[in-house]
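Report on one structure; see the data block that follows.
Every number in this text was worked out from the coordinates using simple rules, so none of it is lab data. What you see is a predicted model, and the numbers here were worked out from it, not measured in a lab. Here the Cβ positions follow ideal geometry from the backbone for every residue, glycine too, while neighbour counts run over all protein chains shown.
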Amino acid sequence: MNATVDPAEVARFDALGAQWWDEKGKMAPLHAMNPARLAFLRDALVRRLGRDGRALRPLKGLTLLDIGCGGGLLCEPLARMGAHVTGIDPAPGNIDIARAHADASGLAIDYLPVTAEELAARGARFDVVVALEVVEHVADVGLFVRTAGQLVAEGGVLVLSTLNRTAKSFALAIVGAEYVLRWLPPGTHRWEKFITPEELEATLAAAGFCAHEKVGMAYGPISGDFRLTEDLSVNYFMVAERAA
């Protein structure tokens, strides 16, 4: 098993199977997050890579890697935006579900049951590397970020999202989401594995990357959806490029 992979985390997500695409099932929070996540990714990549934001397929021609792709919830809409998408996940059951759903949707997405380390060892490089809601589940954050950075082509972009280690994130992401609302199975997250924006930015710097954008994401209890915000105290995104 590779150094960044936590076997218990892999087993937890591998067991989800077809539930990945059940919008009212255990992955309902990710489905609810997706509109905000995709809007942020689209706009950030348009800005950083000089794409035409008015185009129907603004990511056309870009190679994009989704690390920890799960059942493909991000891969499919990003492919529809025109990107040539590769999704990787160490849980083979997730890859099987993702492949089957993409085939049924008529989408050509490369799904591989490998780790980021294995792909980096092959010399693979991508214009965009994305790892959303993954950092808090890996065994070694520093090694994971360095490996993700190795997969970014020259002039490319690395996008990460994770959970901040604050009292508010403990109350909302663990107590609220796992024990009160039952959005997620208890034990899905471990608060001590959350990473602050300052820590993640320092980890990126050690890997040779500079963070250019930091944006938060918050849940609206009345609207029932997620929105982008300047508040980084719970969920947040970070966009980085290789330091000059």
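Give, in whole angstrom and from largest to smallest, the semi-axes √(5λ) of the equivalent ellipsoid of the chain, with λ running over the eigenvalues of the Cα gyration tensor. Working shown, then result.
Working: eigenvalues 113, 88, 76 Å².
Semi-axes from the Cα gyration tensor: 24, 21, 19 Å.
Using a 7 Å offset from the Cα along the Cα-to-Cβ direction at both ALA139 and ALA153, what is the distance between the two label points in nm, to one decimal?
So the two model labels end up 3.2 nm from each other.
Just to verify a number: FRET efficiency for ALA244 and ASP43, C-beta to C-beta distance, R0 = 25 Å, to 0.05? Please list the in-between numbers first.
On the way: r = 23 Å, r/R0 = 0.94.
Once rounded, the FRET efficiency stands at 0.60.
For the chain, return all DSSP H helices satisfying: extent of Cα atoms along own axis at least 27 Å; mean Kyte-Doolittle hydropathy at least -1.0.
Details: long enough: 28-49 (31 Å, 0.25).
Sorted by number, the helices that extend far enough and score high enough are 28-49.
What distance in nm lies between label points placed 7 Å from Cα along the C-beta direction at ALA202 and ASP22?
4.2
Need one number: % antiparallel among DSSP beta bridges in the chain, to the nearest 5.
Numbers: 19 of 36 bridges.
Taking every DSSP beta bridge within the chain, about 55 percent pair in antiparallel fashion.
From the residues VAL152, ASN235, LEU59, which one has its Cα farthest along the dipole of the chain in the positive direction, the dipole being from +1 and -1 charges on Cβ of Lys/Arg and Asp/Glu about the Cα centre?
LEU59
At a 10 angstrom cut-off on C-beta neighbours, averaged per residue, how do the peptides 105-112, 53-60 rank from highest to lowest?
Values: 105-112: 15.2, 53-60: 13.2.
Ranked from most to least packed, the peptides come out as 105-112, 53-60.
Treat every Asp and Glu Cβ in segment 24-99 as -1 and every Lys and Arg Cβ as +1, leave all other atoms uncharged, and give the resulting dipole magnitude about the Cα centre to the nearest 20 debye. Mind dumping the intermediate values first?
Numbers: 12 positive and 6 negative charges, 67 e Å.
Dipole of segment 24-99, to the nearest 20 debye: 320 debye.
Residues with beta-carbon under 15 Å from that of PRO77, excluding PRO77: net charge, scoring Lys, Arg +1 and Asp, Glu -1?
Numbers: positive: ARG37, ARG42, ARG57, LYS60, ARG80; negative: GLU23, ASP43, ASP66, GLU76.
With Lys, Arg at +1 and Asp, Glu at -1, the neighbours total +1.
May I ask for log10 I(q)/I(0) of segment 24-139 at q = 0.09, 0.10, 0.20, 0.21 Å⁻¹, from a Debye sum over the Cα atoms as equal point scatterers with solvent left out?
Scattering profile of segment 24-139, log10 relative to I(0): -0.23, -0.28, -1.18, -1.29.
Give me the extension gain from LEU107 to ALA121: residue separation times 0.36 nm, minus the current Cα-Cα distance, reported in nm with one decimal. Mind showing how you got there, number by number?
Working: separation 14, 0.36 × 14 = 5.04 nm, distance 2.70 nm.
Length gained, LEU107 through ALA121: 2.3 nm.
Gain in length, ALA32 to ALA100, computed as 0.36 nm per residue apart minus the alpha-carbon separation, to one decimal in nm? Spell out each step's value before the answer.
Details: separation 68, 0.36 × 68 = 24.48 nm, distance 2.21 nm.
Contour length minus Cα-Cα distance gives 22.3 nm.
Under a cut-off of 30 Å between alpha-carbon atoms, report the lysines in cross-link reach of LYS60, not counting same-chain residues fewer than 8 places apart.
LYS60 reaches LYS214.
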